[in-house]
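Below you'll find the structure, written out as structure tokens, and then a few comments.
The values are calculated or read from the model by the stated rules, or taken from the named source; none is laboratory data. Model, not experiment: these values are computed from the prediction. Ideal geometry is used to build each Cβ from the backbone, glycine not excepted, and the neighbour counts take in all protein chains shown.
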Amino acid sequence: MSSSPLLGSHMSVSGGMHKAFERGALAGCTTMQVFTKNNNRWTGKPYSADDTAKFRSAAATSSISPVMAHAAYLINLCATNKGIRSRSRTAMIDELQRCEQLSIAGLILHPGAHGGSGESEGIRRIAESLNAVHEATPGVKTLTTLETTAGQGFAVGYRFEHLRQIIDSVEQQHRMAVCMDTCHVFVAGYDIATEEGWSKTMQEFDDIIGLQRLAAVHVNDSMKAFGSRVDRHEHIGKGQIGLTGFRMLMNDPSLIRVPKILETKKSEDLHEDVENMNLLRSLVT
């Protein structure tokens, strides 16, 4: 492959949103993911004009692009509790507005957990919530990006069909995209560890969702076994997926311009990110 892969990691925004670009450059990222606020809180302090200006200035002088954001883990757009569902919608609106302020390409979110009410009802509620969120955020260009899930507990989104059904029920479908997590799809039962399995999975993704909606790939190996539906990330090549799957990922011509973002554990010096990205780049033929 002639062009350098769009490869990066989730970067800390400690000290200011703009600091993520410094950390990303240090690790050798060409793309990256951030949180727009504390990921374990419902609300965050609004950005000042200075916050926004510093981020935009850093983005303008950086080769790291696009930047994706990950939504707070508290958000559950299909919660059975109406109060939680309402807070989730409000939080999602806030995060989309934050992303728009910073010109972030996509906001990645876990679709939600249905709490025992059933997958069909969960899918219906997620779409209903997204319609309310989109109605409250007219003109926002940041893509609402649904992440494939491992299928733990009551999680919706471990089958491509779930995401297709949500998108089909969203009114502003041009605002919808998908992020595929390699660990999640593997433990959910898509065998991406082999050449044949990778090709079959990507064909299925294209047939059901459409590759044109794939806005990012979370690049994580899996501690847990194929089909286990247990979400535990591992460093590249040290888990159950192994290098064959990641070689297929890095050389898939349909994914050249799709951001590939690590979500593996790391130290403050980011050496794990450097090692993982170097390994992934070495797989490009």
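Some observations on this one:
- Selection over segment 1-18 of residues that are touching a helix residue (DSSP H, G or I) at 6+ places or on another chain (Cβ under 8 Å) and at pLDDT 95 or above gives a count of 9.
- Residue within segment 241-259 that is crowded, with 20+ Cβ neighbours inside 10 Å and among the basic types (K, R) present: no
Residue-by-condition table, conditions (1) of a type in the set (A, V, I, L, M, F, W, C); (2) over 30 Å from F160 (Cα atoms):
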| site | (1), (2) |
| --- | --- |
| G28 | no, yes |
| N40 | no, no |
| K45 | no, yes |
| A49 | yes, yes |
| A58 | yes, yes |
| V67 | yes, no |
| H110 | no, no |
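- Residue within segment 63-81 that is free of Cβ contacts under 8 Å to residues at least 60 places away in the same chain and more than 23 Å from the chain's Cα centre (by Cα) present: yes
- Meeting the requirement of 3 or more residues that are touching a strand residue (DSSP E or B) at 6+ places or on another chain (Cβ under 8 Å) and touching a residue at least 12 places away in the same chain (Cβ under 8 Å), the helices (runs of 4 or more DSSP H) wholly within segment 194-285 are 242-251, 271-282.
- Top-ranked residue in segment 83-108 [being among the small types (G, A, S) and under 17 Å from P66 (Cα atoms); ranked as farthest from the chain's Cα centre (by Cα)]: S103
- Of the set (1) closer than 19 Å to A216 by Cα; (2) of a type outside the set (K, R); (3) touching a strand residue (DSSP E or B) at 6+ places or on another chain (Cβ under 8 Å), all apply to S4 but (3).
- Taken over segment 84-109, the criterion of being over 13 Å from K37 (Cβ atoms) and surrounded by 22 or more Cβ atoms within 10 Å (Cβ to Cβ) is satisfied by S88, G106, I108, L109.
- Pick from segment 7-50, criterion loosely packed, with under 14 Cβ neighbours inside 10 Å and hydrophobic (A, V, I, L, M, F, W, C), ranking: farthest from L280 (Cα to Cα): A49
- Condition check for R281: charged (D, E, K, R) and under 23 Å from I167 (Cα atoms): no
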